[in-house]
1. Could you tell me which residue of the stretch 49-59 is surrounded by the most Cβ atoms within 10 Å (Cβ to Cβ), considering only residues that are over 13 Å from the mean Cα position of the chain (by Cα) and in contact (Cβ under 8 Å) with a residue 24 or more places away in the chain?
2. List the number of the failed condition for Ile16; all other conditions in (1) over 12 Å from the mean Cα position of the chain (by Cα); (2) free of Cβ contacts under 8 Å to residues at least 24 places away in the same chain hold.
3. Which one of these does Asp69 not meet: (1) exposed (fewer than 11 other Cβ atoms within 10 Å of the Cβ); (2) of a type in the set (Asp, Glu); (3) touching a residue at least 12 places away in the same chain (Cβ under 8 Å)?
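Read the figures in this text as sums done on the coordinates, not as results from a lab. In this text, all values refer to a predicted model and were calculated from it rather than measured experimentally. Neighbour counts run over all protein chains shown; Cβ positions are idealised from the backbone, glycine included.
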Amino acid sequence: MAQVIIYKTADGVAVIHPTDEALSLMGIYELADKDVPTGSPYKIIDISELPTDRAFRGAWVIEETTLTDGVGA
């Protein structure tokens, strides 16, 4: 199961795709705390939950209330 980290930006939704190498060094929550901007709430989801059509990626939206897994450190 491949997981990604999502968070809200001024331009829409950012997606972090952790590499296997990074995940071998630290857990996904540690990566999220490190890589998500300070104070930004995030959610860890299965990659299959992302829309497959990237044509309108700039229009993706997410409600901040669903970003409940943590906050960037």
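1. If we take residues in the stretch 49-59 being over 13 Å from the mean Cα position of the chain (by Cα) and in contact (Cβ under 8 Å) with a residue 24 or more places away in the chain, then Arg57 is surrounded by the most Cβ atoms within 10 Å (Cβ to Cβ).
2. Tallying (1) over 12 Å from the mean Cα position of the chain (by Cα); (2) free of Cβ contacts under 8 Å to residues at least 24 places away in the same chain, Ile16 fails exactly one: (1).
3. (1)
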